[in-house]
Amino acid sequence: MSEAVSSPPARTRSDFGRSVRRLLREPLGLFGLSLVLLVILGAVFADLLTQWDPTRINPRDRFLGPSAAHLLGTDQLGRDLFSRVLHGGRIALYVALVSTAISLAIGIVLGLIAGYGPRWLDNLMILLFDAMKSFPTVMLALALVTITGPSLTSVILVVILVNVPGYARIVRTQTIAIKSSEFVTAAQSMGASTARILRVHIMPNVIGPLVILASMDIPVVIAIEAGMSFLGLGVRPPTPSWGSILNDGFGQIRETPWIAIAGGLPIIIITLGFTFLGETLRDVFDPRLKGRG
Amino acid sequence: MTAAPILSVDDVQVAFPVGGLLARDAILGVAGVSFEVRPGETFALVGESGSGKTTLARAINGLQDISQGAITFEGVRIDGLGRARMKPLRRRMSMMFQDPVGSLSPRMTVGDLVTEPFRIHGHGGRNLRDEAVRLLNLVGLPADFAGRYPHQLSGGQARRVGVARAIALDPALIIADEPTAGLDVSVQGEVLNLLNELRERLGLAMVIITHNLHVVHHVADRMAVMYLGRFVEVGETGTVFAAPRHPYTAALLSANPEPDPDRARDRITLPAEVPSLMSRPSGCEFHTRCPWAQAKCAAMPPPAGDVSCHFPLSPGARPPPREDRP
Amino acid sequence: MSTLSISGLNVHFSTEAGSLHALKDVTFDVPERRIVGIVGESGCGKSTLINAILGLLSDNGEVRSGQILFEGDQDLARLSRGQMQDLRGPRIATVFQDPMGALNPVLSVGRQMINIQYRSPQSRAAKAARAVEMLKLVRIPDAESALGRYPHQFSGGMKQRIAIAMALMMEPALLIADEPTTALDATLEVTTIELLKDLQATIGCSVMFISHHLGVIAELCDDVVVMYAGEVVERGTVRDVFRAPAHPYTRRLLECDPARQSRRTRVLPTIPGEIPDLRQRPRGCVFAPRCLERHAGCDTPQVEHALAGDHRARCNLAPARSPAAVPP
């Protein structure tokens, strides 16, 4: 028997609006959101926030420490680090957004097929996912770069290969759990097609938790991009990337620590931001907590 | 009644494979049952958990393959019919599932839920919003419920939404699996009244699956009592209630606690547990629990017919005292 | 002395949309060696009541006032978490609708039944013997070998009986049984009720039996407490309440039970309407919006009127309707 507490009189206010308001009331979530917004705004308005060209070499201004003119100092080629960090944010966010979106799309489709399809197909796909997952990211990246050469595209490809198996597995597990629920049987009994059952009855119940999970994965994606660029496998110079800035400063970390700091700080900020935001999102949207109070 | 049956189930068996690759075996969830339902009639399948009543309902609805027998609906043989050829028939036959809230897709609004049959089978130019309001009206829910989600509904309201969806396409037959399960008594009455009213207004035939005998008493014209996948007694509801002839039916009827502290309770208690489908008892399958069982019962299967019992009860029969039992 | 004596209990939940008054002035006793049934429909506050007694209210719940006296001296509403933990299990045992809530699927039944006696100084063999004795008491066939089996090897009815055996093993003073037979088939339900009745007589504990099934309450219980929207609307012996229901809600609830309709009818009685929003309780009678006997007096706060014996009803009309009424 349900209780008065768990079955409140129906309200017409939307659940989504309520959740967003709750998110804004959580200090950790609000903090995370501010950090993420800080980076996004910095990347979007990079050209307004600084007049320096991130790629212009300025031999006279090499290794300048932070000052009013160069907020984060300059690097070994005399490029303004603040400008490079802001533009590097564009690269990071672009990679994160594009690769996460593609990974989600592929993961959902594969997961639905594995979860709803015949048993043998499921087994085959699970084997494939596990095989993909067992490759170390660095090896995968090296192998891919040997074929395609270092580029933004190879970074995105690596991220997709790393993310898809995990997403597909989650979708598969959820699909298997949901496909035996009564509302799916009811849809079958009404004569709904498989496509309709997947699209209307299963996908909406899978996608919410997955998107929240993906938002918590974004720091990992950014770290992959930074890591590959650090190793020279990602964005090619002179395009600014947080990873390559970090690499630039790494050699002279004793003499000119600000370069490494300029590369590392945004990675820390965005990681904290997305982690706090993702965790709060999960708490707020978690269906098990729904209907409480 | 001489009208042609709308549904006829003829010697239907449902087998479930068990065991591994080598020791393949099958157990019978439904072990050969036959009955007919006529237009406008309500037929109840009664039984306890594991009796096969839900499996039988799913088989009629084409959600479960049968291993033997035939199911004919509106003159068409529907067992083994592929999904595509079954689809047009689904307009004529709808099924309601046990869990009032759980059978509604959680991320769909009530409006979308009740009009889903139109989205599946085509709406013929009808305005779905108007249809939703019409259907909600029919089941006694206000039109503004169309915007709500299942988790915002009480059990009774969710059940009404399920009823609205079941009648959306003007079916000829509704199969209702435990329509009152999980509902408060005051709400059970509402749902049963609604089903009765719609049945009369729309001329529906219904198959109701339940373990609740009170439900059967008030809504069903005829009933069948299931035990281990077989019918042990079939008959007019009134007759069966007045004078049950199979000992199992008599035990079920006597096991209904009534809200009257002073009522004499001459209950027929069944010893032992329900046998497993993997090892069906010999002879009459009820003999292991039957208070009246005799030597013949363990040796020979009971005769076929409306009451499958070697020694049908005479009205008001009392079980022999416990000590006498073997 | 009563095993459990609840008086003036008020429980509130803080929610986004304001404070929800879930239990209002709940007062009743569970006397020693008696079975008290709590009836009511969804939303009547049964679960909140159990949680309040067990000290398991969720974080947003709070006992605002009132007492829950256990064995005369301990106020459960004021005990610390640790003290409460010591009572739950050995002194106050619980059985729920789903027996798997009490049984660990990966441990054998015997192991669990021995573990539960961890406070007892007896030897392992003596504990095992006690477990066998309890299993026999709940009529588990072949009790010795049942100790070595796992929960999934038993049927639903047997699992519930094992859960009952485990709950009663430490001979608690109070057993709280929350719809323990609801998920069982009718034939199993009646055998479980009979078993519970026998066990209660053997062990001599008090039982608080929560059910929405009026027939089960009538058969099993000595006393009954009828709840509606978080209030006790009527209480008394089962005979008084079921024979001469004094509150309109009790009368309607009894009418609705299809078992009461011995004659076949196509239109069953119902109680139209819904439980009011407990965030804004009406000043007057909480049942008034759905009551067929509504009158001007319903808009004033209702007090509990004592009728014949221990029969009480929270309806201002009750004394006038009941010939043996005692003025409050």
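The values are calculated or read from the model by the stated rules, or taken from the named source; none is laboratory data. Because the structure is predicted, anything quoted here is derived from the model rather than measured. Reconstructed Cβ throughout: ideal geometry from the backbone, glycine too, with neighbour counts over all protein chains shown. Calculation scope for accessible area: heavy atoms of the full protein, side chains included, ligands and nucleic acids excluded. Shrake-Rupley method; radii C 1.70, N 1.55, O 1.52, S 1.80 Å.
Suppose the filter is at pLDDT below 85, more than 17 Å from the chain's Cα centre (by Cα) and either surrounded by fewer than 20 Cβ atoms within 10 Å (Cβ to Cβ) or basic (Lys, Arg) (or both); does residue B:255 pass it?
No, not satisfied.
So, in the range C:1-60, of the ones that are on the phi > 0 side of the Ramachandran plot and touching a helix residue (DSSP H, G or I) at 6+ places or on another chain (Cβ under 7 Å), which residue ends up most open to solvent (accessible area, probe 1.4 Å)?
Of everything passing the filter in the range C:1-60, C:55 is most open to solvent (accessible area, probe 1.4 Å).
Could you check the range B:258-295 and list, in sequence order, the residues that are farther than 22 Å from residue C:140 by Cβ, within 11 Å of another protein chain (Cβ to nearest Cβ) and open to solvent by 50 Å² or more (accessible area, probe 1.4 Å)?
B:262, B:263, B:265
Could you check residue B:162 against (1) under 27 Å from residue B:38 (Cα atoms); (2) in a helix (DSSP H, G or I); (3) in contact with a helix residue (DSSP H, G or I) (Cβ under 6 Å, 6 or more places away or on another chain) and say which number it fails?
Result: residue B:162 passes all but (3).
Quick check on the range B:138-156: of everything there that is assigned to a helix (DSSP H, G or I) and open to solvent by 20 Å² or more (accessible area, probe 1.4 Å), which residue is farthest from the other protein chains (Cβ to nearest Cβ)?
B:138
Tell me which residues, restricted to the range B:254-288, are farther than 17 Å from residue C:193 by Cβ and either touching a strand residue (DSSP E or B) at 6+ places or on another chain (Cβ under 6 Å) or in contact (Cβ under 8 Å) with a residue 24 or more places away in the chain (or both).
Hits for the range B:254-288 are B:274, B:275, B:277, B:278, B:280, B:284, B:285, B:286.
Go through B:40, B:20, B:32, B:47 for me and flag whichever is out of contact with any His (no Cβ under 9 Å at 6 or more places or on another chain), at pLDDT below 95 and within 14 Å of another protein chain (Cβ to nearest Cβ).
Within the list B:40, B:20, B:32, B:47, the selection yields B:40.
I'm checking my understanding of the structure. Among residues of the range C:63-90 that are of a type in the set (D, E, K, R) and in a loop (DSSP other than H, G, I, E, B), which one is nearest to the chain's Cα centre (by Cα)?
Checking each candidate, the answer is C:71.
Only one of (1) at pLDDT 90 or above; (2) surrounded by fewer than 19 Cβ atoms within 10 Å (Cβ to Cβ); (3) under 16 Å from residue C:98 (Cα atoms); (4) not hydroxyl-bearing (Ser, Thr, Tyr) fails for residue C:160. Which number is that?
Exception for residue C:160: condition (2).
Could you check the range C:65-101 and list, in sequence order, the residues that are among the hydroxyl-bearing types (Ser, Thr, Tyr) and without any contact (Cβ under 8 Å) to a residue 60 or more places away in the chain?
C:65, C:80
Being touching a strand residue (DSSP E or B) at 6+ places or on another chain (Cβ under 8 Å), more than 14 Å from chain B (Cβ to nearest Cβ) and at pLDDT 90 or above: is that true of residue C:79 here?
No, not satisfied.
One residue is enough: does the range C:9-27 have a residue meeting the conditions within 14 Å of chain B (Cβ to nearest Cβ) and within 18 Å of residue C:179 (Cβ to Cβ)?
no
Looking for whichever is farther than 20 Å from residue C:259 by Cβ, charged (D, E, K, R) and within 14 Å of chain C (Cβ to nearest Cβ) here; the options are B:184, B:221. Which one fits?
Sole residue among the options that is farther than 20 Å from residue C:259 by Cβ, charged (D, E, K, R) and within 14 Å of chain C (Cβ to nearest Cβ): B:221.
Given the conditions (1) open to solvent by 70 Å² or more (accessible area, probe 1.4 Å); (2) closer than 26 Å to residue C:61 by Cβ; (3) away from every other protein chain (no Cβ under 14 Å), which single one is not true for residue C:294?
For residue C:294, the exception is condition (2).
Residue-wise test of (1) modelled with pLDDT of 95 or more; (2) hydrophobic (A, V, I, L, M, F, W, C); (3) outside the structural domain of residue C:24 (by TED's automatic domain parsing); (4) within 25 Å of residue C:91 (Cα to Cα).
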{"site": "C:186", "(1), (2), (3), (4)": "no, yes, no, no"}
{"site": "C:190", "(1), (2), (3), (4)": "no, yes, no, no"}
{"site": "C:193", "(1), (2), (3), (4)": "no, yes, no, yes"}
{"site": "C:196", "(1), (2), (3), (4)": "no, yes, no, yes"}
{"site": "C:204", "(1), (2), (3), (4)": "no, no, no, yes"}
{"site": "C:209", "(1), (2), (3), (4)": "yes, yes, no, yes"}
{"site": "C:214", "(1), (2), (3), (4)": "no, yes, no, no"}
{"site": "C:227", "(1), (2), (3), (4)": "yes, yes, no, no"}
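If you check residue C:237 against the conditions, is it more than 16 Å from residue B:188 (Cβ to Cβ), among the polar types (S, T, N, Q), open to solvent by 10 Å² or more (accessible area, probe 1.4 Å) and within 13 Å of chain B (Cβ to nearest Cβ)?
When the stated conditions are applied, residue C:237 passes them.
Find the residue count for the range A:57-100, including only residues that are among the basic types (Lys, Arg) and buried (at least 23 other Cβ atoms within 10 Å of the Cβ).
2
Which residue pairs have Cβ atoms closer than 7 Å, lie 6 or more positions apart in sequence or on different chains, and pair a first residue in the range B:60-75 that is outside the structural domain of residue B:173 (by TED's automatic domain parsing) and open to solvent by less than 40 Å² (accessible area, probe 1.4 Å) with a second residue that is basic (Lys, Arg) and outside any strand (DSSP E or B)?
Listed by first residue and then by second, the contacts come to nothing, as the list is empty.
Matching residues to (1) of a type outside the set (Val, Ile, Thr); (2) within 25 Å of residue B:192 (Cα to Cα); (3) surrounded by fewer than 24 Cβ atoms within 10 Å (Cβ to Cβ); (4) without any contact (Cβ under 8 Å) to a residue 40 or more places away in the chain:
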| residue | (1), (2), (3), (4) |
| --- | --- |
| C:209 | yes, no, no, no |
| C:214 | yes, yes, no, no |
| C:217 | no, yes, no, no |
| C:225 | no, no, no, no |
| C:232 | no, no, no, no |
| C:246 | yes, no, no, no |
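For residues that are part of a loop (DSSP other than H, G, I, E, B) and among the acidic types (Asp, Glu), scanning just the range B:69-122, find the one that is nearest to the other protein chains (Cβ to nearest Cβ).
Selected residue: B:99.
Yes or no: the range C:209-216 includes at least one residue that is part of a loop (DSSP other than H, G, I, E, B), in contact with a His (Cβ under 6 Å, 6 or more places away or on another chain) and facing another protein chain (nearest Cβ under 7 Å).
For the range C:209-216, residues part of a loop (DSSP other than H, G, I, E, B), in contact with a His (Cβ under 6 Å, 6 or more places away or on another chain) and facing another protein chain (nearest Cβ under 7 Å): absent.
Collect the residues in the range B:172-181 that are within 14 Å of chain C (Cβ to nearest Cβ) and buried (at least 24 other Cβ atoms within 10 Å of the Cβ), keeping them in residue-number order.
B:179, B:180
Working only within the range A:16-75, note down all residues that are in contact with a His (Cβ under 8 Å, 6 or more places away or on another chain) and not in a helix (DSSP H, G or I).
Passing the criteria: A:52, A:54, A:64.
Output yes when any residue across the range B:239-246 is away from every other protein chain (no Cβ under 11 Å), among the basic types (Lys, Arg) and either surrounded by 18 or more Cβ atoms within 10 Å (Cβ to Cβ) or part of a helix (DSSP H, G or I) (or both), and no when none is.
Yes; the residues of the range B:239-246 include at least one that is away from every other protein chain (no Cβ under 11 Å), among the basic types (Lys, Arg) and either surrounded by 18 or more Cβ atoms within 10 Å (Cβ to Cβ) or part of a helix (DSSP H, G or I) (or both).
Consider residue C:41 against the criteria (1) touching an Asp or Glu at 6+ places or on another chain (Cβ under 6 Å); (2) acidic (Asp, Glu); (3) away from every other protein chain (no Cβ under 13 Å): it satisfies all of them except one. Which criterion is unmet?
(3)
Results for (1) aliphatic (A, V, I, L, M); (2) within 19 Å of residue B:34 (Cβ to Cβ), shown as yes or no for each residue.
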| position | (1), (2) |
| --- | --- |
| B:183 | yes, no |
| B:192 | yes, no |
| B:195 | yes, no |
| B:217 | no, no |
| B:240 | yes, yes |
| B:244 | no, no |
| B:247 | no, no |
